[in-house]
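All of the numbers you see were taken from the coordinates with simple rules; none came from a lab. Since the structure is predicted, the reported quantities are computational estimates derived from the model, not experimental observations. As a convention, Cβ positions derive from the backbone with ideal geometry for all residues, glycine included, and neighbour counts pool all protein chains shown.
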Amino acid sequence: MTVVIDASVLVAAAHPDEPGSAASATCLVAVIARREPIVLPWLAWVETVSAVVRKTGSVALADEAGQQLRNLPARWVSLDETMAAAAVAVAASCRLRAADSVYVALAGKMDATLLTLDREMKQRCQAWCLCQSPEDWLAT
Amino acid sequence: MKTTVELPDSLMIQLKIIAAKEHRRLREVMEDVVSAGLLARERPSGDEGDSLAEAQSWLRDWQELGRRVRSAAVDARPVVEILLADRR
């Protein structure tokens, strides 16, 4: 089954001492190893680089994180007008924030499972897509 | 969860060598090895073995970068917290 992976899961997998890391890492390995199709919005690239540069102040490390993320065997999807319209509908109906709405809209469009560590996203988007934490996904 | 398991000396030595070479904790190496073993049992064919190796290789590189990020941290918050706070 296709999965859309929220940047929270990607970032957590890199940091074993952070909450949700073990499940995120195991989940990512399982997804890649099973060759489940991975779909990511380009937003995930921006969010990951932004989080690393804010954590470290290092542009070099942030760039490296971005490059390494791009090595994931994933299909990257643009926020074109159609996708933006879907995200607008998600934002309005679920009262989700902008970035959250992009992930949910993408998962809905792709008929994919959305993996996230964001509890609010998970609670509010169930009408649009199946949204699970890495732990939930591993348990199913 | 903590548990006690008896392993042959030869296996423990191999695990410790990997941990030392990769500058990682023994516990982390054991988690990788056990996870890989469980996945391999589910999907034992050659192609899937390759994809498992690919997945573990990507994760190793990703976590190595994570260690460097932690070493260079100027913000004490977890990276996930920083990311989620950016959305709020």
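Dipole size of region A:98-140 about its Cα centre, with +1 on Lys/Arg Cβ and -1 on Asp/Glu Cβ: approximately 100 debye, rounded to the nearest 20. Summing Cβ point charges (Lys, Arg +1; Asp, Glu -1) relative to the Cα centre of region A:33-125 gives a dipole of roughly 260 debye. Overall shape: oblate for region A:15-76, with the ratio a/c of the largest to smallest alpha carbon gyration tensor axis at 1.5 or above and b/c at least equal to a/b. On the basis of the beta-carbon distance and an R0 of 25 Å, A:Asp17 and B:Lys2 show a calculated FRET efficiency of 0.90. Dipole check for the protein assembly as shown: with +1 at the C-beta of Lys and Arg, -1 at the C-beta of Asp and Glu, and the Cα centre as origin, the magnitude is about 460 Debye. Tell me, Kirkwood radius of region A:91-135 from alpha-carbon pair distances, in Å? So the Kirkwood estimate lands at 10.1 Å.
Estimated from helical segments only, the mean residue ellipticity of the protein assembly as shown at 222 nm is -21000 deg cm²/dmol, where each DSSP H run of four or more residues counts as -39500 (n - 2.57).
Partner lysines whose Cα lies under 18 Å from the Cα of A:Lys109, excluding those fewer than 8 positions away in the same chain, are identified as A:Lys122. Computed extension gain for B:Ala85 through B:Ala20, at 0.36 nm per residue and net of the alpha carbon distance, reaches 19.8 nm. Size descriptors for chain A, from the alpha-carbon set: Rg then Dmax equal 14.2, 40 Å.
Net charge near A:Pro37, counting Lys/Arg +1 and Asp/Glu -1 over other residues with Cβ under 12 Å of its Cβ? Overall, the nearby charge balance is +1.
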